[in-house]
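The values are calculated or read from the model by the stated rules, or taken from the named source; none is laboratory data. These numbers were taken from a predicted model, which means no experiment stands behind them. Quick reminder, even Gly has a Cβ in these numbers, built from the backbone with ideal geometry, and neighbours come from all protein chains shown. Accessible surface is based on the protein model in full, side chains and every heavy atom, while ligands, DNA and RNA are left aside. Shrake-Rupley method; radii C 1.70, N 1.55, O 1.52, S 1.80 Å.
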Amino acid sequence: MGTQKSSNVHWHQGQIARADREKLNGHQGFTLWFTGLSASGKSTMAVALEQKLHEMNCRTYILDGDNIRHGLNKDLGFSPRDRNENIRRIGEVAHLLRDAGIINMVAFISPYRSDRQLARDLSKNDGTFIEVYVDCPVDVCEARDPKGMYKKARDGVIKEFTGISAPYETPENPEIHLLTGLYDVGECVGQILNYLHSQRLIR
Ligand code: ADP
């Protein structure tokens with residue numbers, strides 16, 4: 001799925017560059033890539049952070065796993081191959097949003113290191129891909145279980161469930177490491193904002 005099928009396609013260069021769009025927006029386009037177990041708090045964190053950034057006049061967008069699987073990726077399931085393709089497409093969309101000068105928050109389990117690395121590689125390590133490890137012990141996630149998913153996984157209704165019957169590969173060098181089992185939402189959002197200030201990604 002990674003190779004290009006058609007050869008007669010050419011890149012069209014527009015008149016307006018990423019820098020022009022970023023100037024108009026008043027900030028760079030960058031990606032906060034939230035990764036972690038189901039119910040670790042990825043969506044909660046993205047929503048709370050977006051609210052803060054919006055109040056700061058930033059242009060933002062959230063790519064949320066469940067929502068994207070209703071549309072763009074509705075043809076994909078949860079086999080390793082489909083999970084690869086799911087994340088590959090999201091990585092490309094995040095890349096387009098960066099090019100549009102938008103601050104985008106990606107909230108997907110994204111369990112495989114190699115998939116996250118491919119998404120990161122699109123940024124050419126220019127500092128605009130920020131991996132956020134939403135770290136929460138599986139027993140805490142299971143006790144939260146806001147959508148009843150762990151129960152279904154334990155009952156065998158959901159197969160290949162990350163953390164129960166499918167692997168999660170922890171990030172080795174995330175830019176931000178949140179401990180959502182220990183710190184509340186406000187404290188974790190504060191930690192992200194501190195990072196963004198320290199990197200001069202927001203003012
Ligand atoms: P995910 O997107 O990772 O599947 P959700 O954000 O949908 O997780 O669900 C996380 C649940 O845990 C929510 O019900 C949220 O209110 C709760 N929660 C409790 N403490 C925290 C915290 N510190 N950070 C994030 N979520 C938390």
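Observations
- Taking amide H positions as modeled 1.01 Å from N, with prolines and chain starts lacking one, the residues under 5 Å from residue 131 and 5 or more places away or on another chain are 33, 175, 176.
- Amide H within-cut-off set for residue 59, under 5 Å, with H built and near neighbours excluded: 103
- Principal axis extents of the Cα atoms in the chain, from largest to smallest and rounded to whole angstrom, are 56, 45, 29.
- Efficiency of FRET between residue 67 and residue 151 - r from beta-carbon atoms, R0 25 angstrom, step 0.05: 0.65
- Proximal lysine pairs, the chain, alpha carbons under 18 Å, eight or more residues apart or interchain: 5
- Of all accessible heavy-atom area on the chain, the percent that carbon and sulfur account for (1.4 Å): 52
- Expected 222 nm ellipticity per residue - DSSP helices of 4 or more, -39500 (n - 2.57), all of the chain, to 500: -12500 deg cm²/dmol
- Distance between the modelled labels on residue 9 and residue 79, one decimal in nanometres: 2.3 nm (7 Å Cα→Cβ projection).
- Sites residue 20 and residue 47 - FRET efficiency at Förster radius 22 Å, r taken between beta-carbons, to 0.05: 0.15
- Surface analysis of region 18-198 yields an accessible area of 50 Å² per residue, using protein heavy atoms and a 1.4 Å probe.
- Seen from a random direction on average, the alpha-carbon convex hull of region 123-203 projects onto 6.9 square nanometres.
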